[in-house]
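Here the structure comes first, spelled out in structure tokens, and everything after it is commentary.
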Amino acid sequence: MEEMKQMIQRLLGIPNINILSVEIDPQNQVSITVESTMERTICHQCGRDLTAFHSLDDPIRLRHLPMLGHKTYIIIRPKRYLCEHCPNQPKTTQKPDWYSSKSRCTKAYEQHLLLSLVNSTVQDVSRKEAIGYKTVEAVVERLINEKVDWERIKQLRPKILGIDEIARLKGRQNYVTIITLRLADGAIIVLAVLADRKKETVKEFLKLMPEEVKKKIKTVCTDMYRGFTEAAKEELSGARLVVDRFHVAKMYREDADDLRKSEMRRLKKELSEEDYGELKGVMWVFRKNEADLPAEEQAQLEKLFSYSPALEKTYRFREELTAIFEKKQSKKQAKKEINQWQEHVRRSGLKCFDKFLKTLDEWMEEITNYFVKRNTSGFVEGLNNKIKVLKRRCYGIPNVVHFFKRIILDIEGYRMFATN
């Protein structure tokens, strides 16, 4: 029997306890009654070491990690000690470090719950573990910090700060701002989820960043939203502001696609049903880069261009600008080539790029800053996709603080709570 108790104690992984009894009920739930082997505690009033045992407190039943697939509970009566130093001789209950007085779970089981929550929902974990929804939620609220640990960030090597937005609820409304940091080793850290995307909100957060961290940030990547760019310029003046090339590409590719839509409407009216039918699926062909087209799709694209010379010009201009961004060259040379591209577009008589040409004039410095180190906010977009999945999985998370905690848990949960 003694050997069995020692084996169970090893399986529990809890230090400084003796097993008093083990019971299995008709539902195969395991209840293990233990006692603490520690013979002291600290007075909650004077802070002195106490060794004068007084009594046992009421029993506490704590959910623990399952044993052999069965629900496991640990029952303990905490020891109470008398303080002979304080005038009123208060009693202090011993607090072993393997559970928290605010919880009805052991710390090991709380970490198990958090690990189960990674890429899952509170509702799912509650059902799988047969434990209360509020219990799981309380573990998240208690153990995941609601703000970034700046002392930890100070020890790291930040490379790029990313600022982006995401709709908190359906319908692309009620935006929050996600601020992330990409480290030199490629790791990504979420610094904050801000309640809105106003310049003042973003600026206030950046202002409160430790100067030691600010000085290490050499690049800020964002889109062309003034609230983000102006806040970054004012609070991170030592960093290079880069408008992400993929946001730029999205703009001119959408302009080209808008012309394709209008031309296809025209061709549907003008061409015979048979001729128009030959253009079926051309949308996907038109959106591809020319280098990626097999011979069959090239032929289909040429047929489209025979009906619409304007679309051919638009497609060629789109491909030329993409080639400029793909080329490894200096900022000065890139700016020269983009200016030449603008001039050629204006002379062509095409109007579909008019809005984009104005954008280039307005944001040329920030856009061509990409060519200095070829930094992008691709890491932010990748993170946003993960956040969107989290948002859909949880049917929206209206509470910003809880949103931040769940993002932290999804991104860093395995590192924080997985055991070797």
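The values are calculated or read from the model by the stated rules, or taken from the named source; none is laboratory data. These figures come from a predicted structure and were not determined experimentally. For neighbour counting, all protein chains shown are included, and Cβ atoms are generated from backbone atoms with ideal geometry for every residue, glycine included.
Just one of the listed residues (GLN89, GLN94) is over 20 Å from ILE8 (Cβ atoms), loosely packed, with under 14 Cβ neighbours inside 10 Å, in contact with a strand residue (DSSP E or B) (Cβ under 9 Å, 6 or more places away or on another chain) and in the same structural domain as THR51 (by TED's automatic domain parsing), namely GLN89. Listed by first and then second residue, the pairs linking a residue in the range 140-164 that is within 17 Å of ILE178 (Cβ to Cβ) to a residue that is part of a helix (DSSP H, G or I) and small (Gly, Ala, Ser), with Cβ atoms under 7 Å apart and 6 or more places separating them unless they lie on different chains, are ILE163/ALA232.
If you go through the range 125-136 one residue at a time, do you hit one that is at pLDDT below 95, outside the structural domain of ARG10 (by TED's automatic domain parsing), in a helix (DSSP H, G or I) and among the aromatic types (Phe, Trp, Tyr)? The answer is yes; a qualifying residue exists.
Yes or no: the range 102-115 includes at least one residue that is more than 22 Å from the chain's Cα centre (by Cα), among the aromatic types (Phe, Trp, Tyr) and modelled with pLDDT of 90 or more. Yes; the residues of the range 102-115 include at least one that is more than 22 Å from the chain's Cα centre (by Cα), among the aromatic types (Phe, Trp, Tyr) and modelled with pLDDT of 90 or more.
Which residues, counting only those in the range 267-308, are under 26 Å from GLU337 (Cα atoms) and exposed (fewer than 10 other Cβ atoms within 10 Å of the Cβ)?
Step one: filter the range 267-308 for residues under 26 Å from GLU337 (Cα atoms), giving 286-293, 305.
Scanning the range 267-308 gives ALA291, ASP292.
Report yes if some residue within the range 347-355 is in a loop (DSSP other than H, G, I, E, B), surrounded by fewer than 16 Cβ atoms within 10 Å (Cβ to Cβ) and not assigned by TED's automatic domain parsing to the domain that holds THR222; otherwise report no. Among the residues of the range 347-355, at least one is in a loop (DSSP other than H, G, I, E, B), surrounded by fewer than 16 Cβ atoms within 10 Å (Cβ to Cβ) and not assigned by TED's automatic domain parsing to the domain that holds THR222, which makes the answer yes.
Within the range 307-338, the set of residues being free of Cβ contacts under 8 Å to residues at least 60 places away in the same chain, of a type in the set (D, E, K, R) and either outside the structural domain of LYS261 (by TED's automatic domain parsing) or part of a helix (DSSP H, G or I) (or both) comprises GLU312, LYS313, ARG316, GLU319, GLU320, GLU326, LYS331, LYS332, LYS335, LYS336, GLU337.
Among residues of the range 185-208 being hydrophobic (A, V, I, L, M, F, W, C) and under 17 Å from LEU383 (Cα atoms), the one that is surrounded by the fewest Cβ atoms within 10 Å (Cβ to Cβ) is ALA187. For the range 105-114, check the following and say yes or no: at least one residue is in a helix (DSSP H, G or I), basic (Lys, Arg) and not assigned by TED's automatic domain parsing to the domain that holds ILE17. Yes, the range 105-114 contains at least one residue that is in a helix (DSSP H, G or I), basic (Lys, Arg) and not assigned by TED's automatic domain parsing to the domain that holds ILE17.
Might you check whether a residue that is part of a helix (DSSP H, G or I), modelled with pLDDT under 85 and surrounded by 14 or more Cβ atoms within 10 Å (Cβ to Cβ) occurs anywhere in the range 367-379? Step through it out loud before you land on a result.
Narrowing the range 367-379 to residues part of a helix (DSSP H, G or I): 367-368, 370-373, 378-379.
From what is left, the residues that are modelled with pLDDT under 85 are 378-379.
Applying the additional criterion that residues be surrounded by 14 or more Cβ atoms within 10 Å (Cβ to Cβ) yields 378-379.
Looking through the range 367-379, at least one residue is part of a helix (DSSP H, G or I), modelled with pLDDT under 85 and surrounded by 14 or more Cβ atoms within 10 Å (Cβ to Cβ).
Residues in the range 276-293 that are within 15 Å of ARG266 (Cα to Cα) and either in contact with a Lys or Arg (Cβ under 6 Å, 6 or more places away or on another chain) or in contact (Cβ under 8 Å) with a residue 40 or more places away in the chain (or both): TYR276 alone. Selection of helices (runs of 4 or more DSSP H) fully inside the range 228-297 by the criterion of at least 1 residues being modelled with pLDDT of 95 or more returns 245-270, 282-287. Assessment of the range 194-214 against the conditions (part of a strand (DSSP E or B) and either in contact with a helix residue (DSSP H, G or I) (Cβ under 9 Å, 6 or more places away or on another chain) or of a type in the set (A, V, I, L, M) (or both)) yields at least one matching residue.
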